Structures are given as C-alpha cells and as structure tokens.
C-alpha cells in the first residue's frame, strides 16, 4: 500500500480520493501514524471515506489518537497546509464542527481517557467563530447538537458567553429549537445564568414565553425559584 490516498485527502481532492478508493487503496492504511481520515478537513471526503469502510474508532501513533482527536489536536498551521480550500478561521471552526458531528454520528465516542487527552492539549472554544459573535457553543445549541455541547463542556466552554446581540447559547437554542428541545434541556442541566438579558432586554424565560414553550417556561421558573432559595 502507498500513501497516495493520504496525499489526496490532505489536498482536499475528492475526485482523486474516490478514484484511489475505486482502485483498491486501503482507507484504513496507516502512514506516518495516521489513517487518511485523520488528515481529513472536508466533510464530503470524510463521507466518502466512511462510506467505504474508514474506521472512525481507529487509533494510532504514540498518543493513540483517533480521527476525532486528531481533528482537534492538529495545530492550525498543519490544518492550513493540509487543505488550501480553507481560508479563514471561521471556515476552520465550521469544518471542525461539521466533522465532529459526522464522526460522532458514525460511532466515534469520547471516553474518560480521550477527555484527558483533550484537556492536555486545550483549545480556546470561546473564541467567536462568526462575524455575529457566535461561538462553537452557540452553533451547537442552535443545531440542537447535544454531543457537541457535551464535548464543549469538556473543553470548559463558557456557558454564559454572548454573541453580538447579547444572546447566550440558551437563548439561541430557544430561538432555533422548533420541536427539538434536547439542547435546551442539556443547557438547563448545566451551571449557567438564566437571568442574562440580551440587547433587547429579554431573558431566556421571556424568549421561551414568546416561542410558546410552556414546558420550558415552567422549567425556567423552577430554576429561578431554586436559585433564589439558595442565595
């Protein structure tokens, strides 16, 4: 086996990747301590690799890292060299979020040992990743992605961080959830300040009421009562 597939993945060349796979290249071949998936920074290419048998749980190298761990622990310079299609920090954040969700959906998991590895090589997840001040936490909340929220909590994400409109992750979740409330319930189970007001002077409970979320309003009222009792 050669490392041609690795090179095509690093270059972000989907057509070449798919040709090499059709020619019989091993999607799990490890070269320089990494499988092709561990170099991937393109969701379409990652999908192709996974559909053709790439093992998202495969670990290799001295630190025994999976594709998910490599995604977070590779430095930005390495990432920029790997895929010239990614031009900005905003794009890198978006790709990282998309690939993380994809890997989790294909069976990747974060166990205690993995969490220790993450915390040894911390990244600042509170840096805004859009012009409107959205952080990774806001995006995960908006997308009702509890797996990502859990990962961000491991990374010590600030649960009360606000975007340029003063909205917290909880507020964004309330505005975007529709019928899905998993992220709302996850955030309510976390230690966050539900009394925060956005630039319109609205709190989470006011937004929930506007969205006709009677069950969430009830939960928020209970949280407010509990908070007042322990003060």
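The values are calculated or read from the model by the stated rules, or taken from the named source; none is laboratory data. In this text, all values refer to a predicted model and were calculated from it rather than measured experimentally. Methodologically, a virtual Cβ is constructed for each residue, glycine included, from the backbone with ideal geometry; neighbour enumeration extends over all protein chains shown.
Worth a mention:
- Members of the stretch 6-44 that are over 22 Å from residue 96 (Cβ atoms) and either crowded, with 21+ Cβ neighbours inside 10 Å or touching a strand residue (DSSP E or B) at 6+ places or on another chain (Cβ under 9 Å) (or both): 20, 30
- The requirement of being part of a helix (DSSP H, G or I), touching a residue at least 12 places away in the same chain (Cβ under 8 Å) and within 21 Å of residue 213 (Cα to Cα) is satisfied by residue 175.
- Across the stretch 149-169, the qualifying residues are those that are in a helix (DSSP H, G or I) and surrounded by fewer than 22 Cβ atoms within 10 Å (Cβ to Cβ), and the one among them that is nearest to the chain's Cα centre (by Cα) is 150.
Each row is one residue, and each column tells you yes or no for (1) at pLDDT below 90; (2) within 24 Å of the chain's Cα centre (by Cα).
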{"site": "2", "(1), (2)": "yes, no"}
{"site": "20", "(1), (2)": "no, no"}
{"site": "42", "(1), (2)": "no, yes"}
{"site": "64", "(1), (2)": "yes, yes"}
{"site": "69", "(1), (2)": "yes, yes"}
{"site": "72", "(1), (2)": "yes, yes"}
